[in-house]
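Worksheet for the structure shown next.
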Amino acid sequence: MAVLDIKGVSKFFGSAVRAVDDFDLTVGNGELVCLLGPSGSGKSTLLRMIGGFETPSAGSITIDGDEVIHLPPERRPTGMVFQSHALWTHMNVFKNLAFGLKLRRLPADEIRRKVEDVLKLVGLTGYGTRQTHQLSGGQQQRVALARSLVLEPKILLLDEPFASLDQHLRERLREEVRDIQQRMGITTLFVTHGQDEALSMADRIVVMRDGRIEQVAAPDMLYREPATPFVAGFIGTMNLIEGEVKGGKFVRASFSHPLPIADGPAIFAVRPEALAIAPATGEGAARIHRVTDYGTHGLVDLELPDGTRHKAMVSEARDWKAGQPVTLAPRAFAAYRDNAVAYRSSTAS
Amino acid sequence: MAAATTYREPRRVDWAGIGFAVVLTLCIILPLLVVGTWAFANVWRYPSVLPQEFGLRYWNATLARADVWTAITTSISLAVVVTLISAIICLPAAFAFARLQFPGRSILFFSFLAGQAFPKFGLLVAIAGIFLQLNLIGNFWGVVLIQLVGTLLFMIWIPVAAFQGVDRRMEEAARDVGASPLRVFWSITLPQAGPTIGAAVLLTFVNTFYETEGAWLIGAPAIRTMPVLMISFINNQPVIQYGAVLSVLLWIPSFFALLFARRVISGGSFARGFGA
Amino acid sequence: MSLSPTSDIVGASKKSGGLIGLLLVAVPVLLIGWMIIYPIIAAVITTLWLRNDAGAYVFSTQTYRFFFTDGYSLANLGLTLWTTVVCAIILLVVCLPIALYLRFATGRLAVYVQGLAIFPLFVPSIILSYAFIRVLGPNGMLDILLNAAHLPKIRSPYLTPWGPVIGLVWDHIPLTVLILMAGLGSVSDASIEAAKDVGAGPVTRLWYIILPRISNSILVAASFAVLGIFSAFTLPYVLGPAAPEMMGPFMQRTFRDLYDPPNAITQAVVSFGFCIVFGLFYVRSVVRNQRAR
């Protein structure tokens, strides 16, 4: 039960590289927040600074109001789960889990009880005497999680813990971790570069780019109302059409659409499922370049006369064929200017 | 009526392998077998193909010699002292090279190669020239010093590789659950790097035990190690069996090296350490 | 065994880390400086600046002039060069086929051959010398077997220049094979199969595909052998002729038996000179290898 407060945290490598730049975030009690971003966005560096493995160049990190920035990792109330599980291969599962408890000088029977409890929690009852190399990848990652949980940290930090697992296992562990986290009500920060992972687990998602926050929002809001073109493109698929607004109208090549904002450059953003197309009689706004049939739906690649490509989702792929001219009718859309939302259509779903 | 024939992959005989195996066995194993046989021959007169009488007579005779026992204790104490000192000064240095950032790290690391660019015995003579002025000739500690220098490269480079092979995340995970840096080193880093470091220590002990040239040049005649005694047996001892028994005794440390350090040596990294 | 950049684990302050690092490596580094680098420099200086009658040090090439005009010294040098060249050639001729075989063979026989090839690493050269005498020496095992087969005795290589050659080759087989094998490891199966595919026979494959790839390893193996053989002591001392003798025993005798350190050190500097190219090449290869990883 703890609140993590990050204020103005920066990390510079040398004078040129700003891995994390003036970062602010508050993670509430029992909340699971995902740090989502492409590699190199600074999310892992931020997590390592919270865990104490990197020293921030500036800023403050408090847990329940206590400043931890000057504490080494062993004196921080945080528990970290690493991408490569980082189990100690010269110890068996029990010893891996008991190591931290022994350092706290707990009596042997209490250590045994706690280890058994946490093994049960992660579904590995009876695995204590196994060597780490005798475990499957998923089991190893569960032990790594248990190793952190057994110490009842105030803040749980997960650094892409499922990255080395296959898709199926990843989805199962995702649910398990979410269940455990909610049952224990443990404040958690989770780093990932997979949007599925973030969308399916997080209470809130922090989208990061170049060490800065692009947007902090609940998963549903992030998809429906991305704050910047970067977030729009990073979460799901988004057609981002760069063009000009003139007299209340957005224009790019043969595509135009009413847009009630001041004249100037803008990015017109529309998701494939919100872009309706219709057969054109004449030239049309675009031409179909390719049709892909996914069974449940179809995806149409459109080409504007200037060569730029965009996507539209259709319910029946067989109704369309390559080369066909079409007109475009966005049902819901947004417009960005200066890296911020300039307009959002009211029908945005 | 012709029987239906199915294609069968021809059985290839590995003639090259058989050839190498036979020649190498003859050239490498046979000479050592002859020495082993001599050690257990009470009587073996020319031109009999096998000894006339087997037995342990010369084991008793060899082990009754005072010079043999002096040589054994000298060799063991030299090897133990050199290995200990080498471990004490090299392992912390190896850790520093592997994990700490300090000025001149790279050039200092490669400075241990300096001795490799020169023919060894020439170097020993040059060192002996210095020792002469320091009165270290014929002195136990002179031999310790010269053998110690010979161990530095292995005792630094192999442990550096071992320390670097330890996953940093393991150490961080230990810090995370509350271990101090010293505790991490003791409970995580050392056990993880342990087997390789153990092999390096064993190799150092064995190499020092067999180091002949430095011991001969610096130590003789006061310091007589087993290899040095063996040289004098070869040169001056008419009874063949004494040398044979001493050879078998002398081989014991190598046998342990063979048992425990073979993995390190057969692994490619060992040969690459020699610049391959 | 490479040096990768370290990152701070706790953000321990870099400055104190630097000082601690230097302190930890100080003793071995100082030992190298005092016992390797200083003696080499001192050897060159003390043999070139000699004390004259007045007690002052003057530059003089006298010891070197003596070495290069003295017939016995030159004979020793000649024998050493001959032994080194012959050993290096034999080593390559013997070890290259073994390494090639081990690179491409699989199965238990290959494991056995590899075990045998590496085995001499675990036999100290003094035991080897003794075994040599017992097998190839007068009335040795070979004589016994020849006699049993009613064949004439051989002329024993013991105490001839061929004695050290046989012993040194035996001694250097393991590391030569290991170095060559490491080099052959970088020749991919695909490149050889591609050569087979375009119709290259075994000889063509060896000459145009394999050898060019491992030429550096061959040079490294040769350099390593030259450095080890040029100033070998034990094997030539025990197995070789009394005169002329190889540089190792020659230096030892000059230093200890003739109590003539200046001339012994001169001989050492001369052998440095003859090996310096191989030594520098060898060290450069090791450094380059380390950096590559």
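The values are calculated or read from the model by the stated rules, or taken from the named source; none is laboratory data. The shown structure was predicted, so the numbers you read here are calculated from the model rather than taken from an experiment. Cβ coordinates were reconstructed from backbone atoms using ideal geometry, including for glycine residues, and neighbour counts include every protein chain displayed.
Taking the listed residues A:Ala340, A:Ala335, the one that is under 31 Å from the mean Cα position of the chain (by Cα) and farther than 15 Å from A:Phe255 by Cβ is A:Ala340, with no other qualifying.
Among the residues of the stretch A:214-265, what is the count of those that are among the charged types (D, E, K, R) and either under 23 Å from A:Asp203 (Cβ atoms) or part of a helix (DSSP H, G or I) (or both)? Talk me through it step by step, then tell me what you get.
Going through the stretch A:214-265, the residues among the charged types (D, E, K, R) turn out to be A:214, A:220, A:224-225, A:242, A:244, A:246, A:249, A:252, A:263.
The next check asks that each one be either under 23 Å from A:Asp203 (Cβ atoms) or part of a helix (DSSP H, G or I) (or both); those that pass are A:214, A:220, A:224-225.
Total meeting the criteria: 4.
State yes or no: is C:Leu206 free of Cβ contacts under 8 Å to residues at least 24 places away in the same chain, surrounded by fewer than 18 Cβ atoms within 10 Å (Cβ to Cβ) and more than 29 Å from B:Ala114 (Cα to Cα)?
Working: free of Cβ contacts under 8 Å to residues at least 24 places away in the same chain: no; surrounded by fewer than 18 Cβ atoms within 10 Å (Cβ to Cβ): yes; more than 29 Å from B:Ala114 (Cα to Cα): yes.
No: the conditions fail for C:Leu206.
Among the residues of the stretch C:142-158, those that are more than 10 Å from chain B (Cβ to nearest Cβ) and buried (at least 16 other Cβ atoms within 10 Å of the Cβ) comprise C:Ser156, C:Pro157, C:Tyr158. Answer yes or no: is there a residue in the stretch A:70-89 that is touching a residue at least 40 places away in the same chain (Cβ under 8 Å), over 24 Å from A:Val122 (Cβ atoms) and more than 14 Å from chain C (Cβ to nearest Cβ). There is no residue in the stretch A:70-89 that is touching a residue at least 40 places away in the same chain (Cβ under 8 Å), over 24 Å from A:Val122 (Cβ atoms) and more than 14 Å from chain C (Cβ to nearest Cβ). For the stretch A:197-211, the criterion of being in a helix (DSSP H, G or I), under 10 Å from the mean Cα position of the chain (by Cα) and free of Cβ contacts under 8 Å to residues at least 60 places away in the same chain is met by at least one residue.
Conditions tested, residue by residue: (1) within 30 Å of C:Ile41 (Cβ to Cβ); (2) buried (at least 22 other Cβ atoms within 10 Å of the Cβ); (3) outside the structural domain of B:Phe95 (by TED's automatic domain parsing).
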{"residue": "B:Ser106", "(1), (2), (3)": "yes, no, no"}
{"residue": "B:Ala126", "(1), (2), (3)": "yes, yes, no"}
{"residue": "B:Leu148", "(1), (2), (3)": "yes, yes, no"}
{"residue": "B:Val166", "(1), (2), (3)": "no, no, no"}
{"residue": "B:Arg183", "(1), (2), (3)": "no, no, no"}
{"residue": "B:Ser187", "(1), (2), (3)": "no, no, no"}
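Quick check: anything in the stretch B:56-69 part of a helix (DSSP H, G or I), more than 9 Å from chain C (Cβ to nearest Cβ) and either at positive phi or of a type in the set (Lys, Arg) (or both)? Within the stretch B:56-69 (the criterion being part of a helix (DSSP H, G or I), more than 9 Å from chain C (Cβ to nearest Cβ) and either at positive phi or of a type in the set (Lys, Arg) (or both)), the answer is yes, since at least one residue qualifies.
Can you spot a residue in the stretch C:210-223 that is buried (at least 21 other Cβ atoms within 10 Å of the Cβ) and touching a Phe, Trp or Tyr at 6+ places or on another chain (Cβ under 6 Å)? Within the stretch C:210-223, one or more residues are buried (at least 21 other Cβ atoms within 10 Å of the Cβ) and touching a Phe, Trp or Tyr at 6+ places or on another chain (Cβ under 6 Å).
Just name the residue that is surrounded by the most Cβ atoms within 10 Å (Cβ to Cβ) out of those in the stretch A:1-58 that are among the polar types (S, T, N, Q) and assigned to a strand (DSSP E or B).
Of the stretch A:1-58, the ones among the polar types (S, T, N, Q) are A:10, A:15, A:26, A:29, A:39, A:41, A:44-45, A:55, A:57.
Applying the additional criterion that residues be assigned to a strand (DSSP E or B) yields A:10, A:26.
Working: A:Ser10: 17, A:Thr26: 13.
Ranking the qualifying residues of the stretch A:1-58, first place goes to A:Ser10.
Considering the stretch C:262-293, and only residues there that are at the interface with another protein chain (Cβ under 8 Å from one of its Cβ atoms) and among the small types (Gly, Ala, Ser), the residue that is surrounded by the most Cβ atoms within 10 Å (Cβ to Cβ) turns out to be C:Ala268.
The residue that is nearest to A:Phe82 (Cα to Cα), counting only those in the stretch B:168-181 that are within 36 Å of the chain's Cα centre (by Cα) and crowded, with 19+ Cβ neighbours inside 10 Å, is B:Arg169.
Residues are listed down the side, and each one gets a yes or a no for (1) at pLDDT 85 or above; (2) among the β-branched types (Val, Ile, Thr); (3) part of a helix (DSSP H, G or I); (4) buried (at least 19 other Cβ atoms within 10 Å of the Cβ):
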residue: A:Met80; (1), (2), (3), (4): yes, no, no, yes
residue: A:Ser84; (1), (2), (3), (4): no, no, no, no
residue: A:Phe99; (1), (2), (3), (4): yes, no, yes, yes
residue: A:Ile111; (1), (2), (3), (4): yes, yes, yes, yes
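Just one of the listed residues (A:Thr237, A:Thr327, A:Thr281) is touching a helix residue (DSSP H, G or I) at 6+ places or on another chain (Cβ under 8 Å) and surrounded by fewer than 19 Cβ atoms within 10 Å (Cβ to Cβ), namely A:Thr237. Starting from residues that are among the aromatic types (Phe, Trp, Tyr) and at the interface with chain C (Cβ under 9 Å from one of its Cβ atoms), keep the ones in the stretch B:23-55 and report whichever is surrounded by the fewest Cβ atoms within 10 Å (Cβ to Cβ). Among residues in the stretch B:23-55 that are among the aromatic types (Phe, Trp, Tyr) and at the interface with chain C (Cβ under 9 Å from one of its Cβ atoms), the one surrounded by the fewest Cβ atoms within 10 Å (Cβ to Cβ) is B:Tyr46.
All of B:Val34, B:Val23, B:Val49 fail the test of being over 25 Å from the mean Cα position of the chain (by Cα), part of a helix (DSSP H, G or I), among the β-branched types (Val, Ile, Thr) and not assigned by TED's automatic domain parsing to the domain that holds B:Leu190, apart from B:Val23.
Working only within the stretch C:95-113, note down all residues that are β-branched (Val, Ile, Thr) and at the interface with chain B (Cβ under 7 Å from one of its Cβ atoms). C:Ile98, C:Val113, listed by residue number.
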